[in-house]
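The values are calculated or read from the model by the stated rules, or taken from the named source; none is laboratory data. Not measured: the values here are computed from a predicted model. With ideal geometry, Cβ positions are generated from the backbone for all residues, glycine too; neighbour counts draw on all protein chains shown. Side chains are part of the model used for accessible areas, which takes the heavy atoms of the whole protein and leaves out ligands, DNA and RNA. Shrake-Rupley method; radii C 1.70, N 1.55, O 1.52, S 1.80 Å.
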Amino acid sequence: NELELQLTKIWEKVLDVQPVGIKDNFFVLGGHSLLVVRLINEIKRATGKNLSVREFFHNPTILQLAEHLMRESPSDASSLIMIKPSGSKVPLFWVHDTFLVDYLDQDYPLYVLIHPTQDGKLPLHSTIEEISTYYVQEIWKVQPEGPYALGGYCFWAAIALEMARQLIKNGHEVSLLFLVNPSPQCLPIKSSGIARQRQGNTFKSRAIHHVNNIKHLQNTEKIVYMLQNLPSAFQWFKKKFYINVIFKIKIAICKTYLFLGRPVPQAFIRLYVYSVYASKLLKKYRSQVYPGNVVVVQSEQDYSRDQSVWSNLSTHEVKIHVLPEADHLNILREPYRSVWAKWLNVYLRRILANNNR
């Protein structure tokens, strides 16, 4: 019909894929959570119809989406999204991101848990424990018994950790807990090596670095050193200042929308969740020692700062993989993502092998 034709053209434009069938899954075609926001904006511009992120996740084909948009009253949707339904092996429950659909072995189903703030509404939960309890209850609707395989990145890794702890506390087996650059607040103890913020790239740390370099030089060498480094230092400061101003403007926009009782604009949702909402929850979170095996993937940048302190995370084995040259953000991009996704598949296969014994 006409709406399906409109949606097909939008999908082909956003995904840069042709042709797109009305039964093709958006995520199988290469779509991910960031493209969803762009797609929703294109749909609103072309059809005038409003669509939330959560509603889209539950209707990932053109056929389903068209039927959903034609309904007068959209139904309430769960935070648990079936991204990759095919497969008879142990499903992976991943917190927040959808990109793993292209990286998992063929026979492993993938479910993604998205937070209600993805729709730009006020948070429904005020602690990591509350979010984790809600997610565990969502998981039980599709898989009442273990073994369970869970994972997440950064803030969402903290939620995956708390979910795994609650599952074990309730007598369930967690065969795999896979954490990618988990937040330092996941650790059950205070450690000077882990509790530090990212000091290596602050103005104060850079100033100390240059002062330490200069004080060992002769007077003429000091002048040369300053002439060589001042331009780059000025550019760095200018860039940081600009980024900080833009960040504060965007956060002010988010808070204004929430104050007025309106959803946060889709373009700012990710920023709001990570920079404001997540940081507040992490400050309140008090992690405990995890009673199970853990796999931790660390970028080289984070591991050099944290060293082996992650071994304190659990009373059991903590397997740490380090990705050379990766940093906290690009570990989610290629070529690093495919590397740790292969490790993830290896651990999922081990669950299958252990269950078949």
Can you give the convex hull volume of the alpha carbon atoms of segment 1-61 per residue, in Å³? 76 Å³
Hey, any idea what % of segment 1-96's accessible area is carbon plus sulfur with a 1.4 Å probe? 49 percent
Carbon and sulfur: what percent of segment 248-357's accessible surface (1.4 Å probe)? 53 percent
Per segment 253-351, sqrt(5λ) over the Cα gyration tensor eigenvalues, sorted largest first, in Å, gives 32, 19, 14
Test of understanding: what is the full-extension gain from residue 338 to residue 252, defined as 0.36 nm times their sequence separation minus their Cα-Cα distance? 27.3 nm
What does the charge count around residue 163 come to, taking other residues whose C-beta lies under 12 Å from its C-beta (Lys +1, Arg +1, Asp -1, Glu -1)? -2
Which whole-number percent gives the relative contact order of segment 1-116, counting Cα pairs below 8 Å spaced six or more residues apart? 25 percent
What nm distance separates the two modelled labels at residue 260 and residue 321, each placed 7 Å from Cα along Cα→Cβ? 4.6 nm
Taking the Cβ-Cβ separation of residue 5 and residue 138 as r and a Förster radius of 30 Å, what is the calculated FRET efficiency to the nearest 0.05? 0.30
Hits in segment 46-62: amide N under 17 Å from the 7 Å Cα→Cβ extension of residue 17, namely 56-62
If DNA, RNA and ligands are ignored and the probe is 1.4 Å, what is the ranking of 286, 165 by accessible area, most exposed first? 286, 165
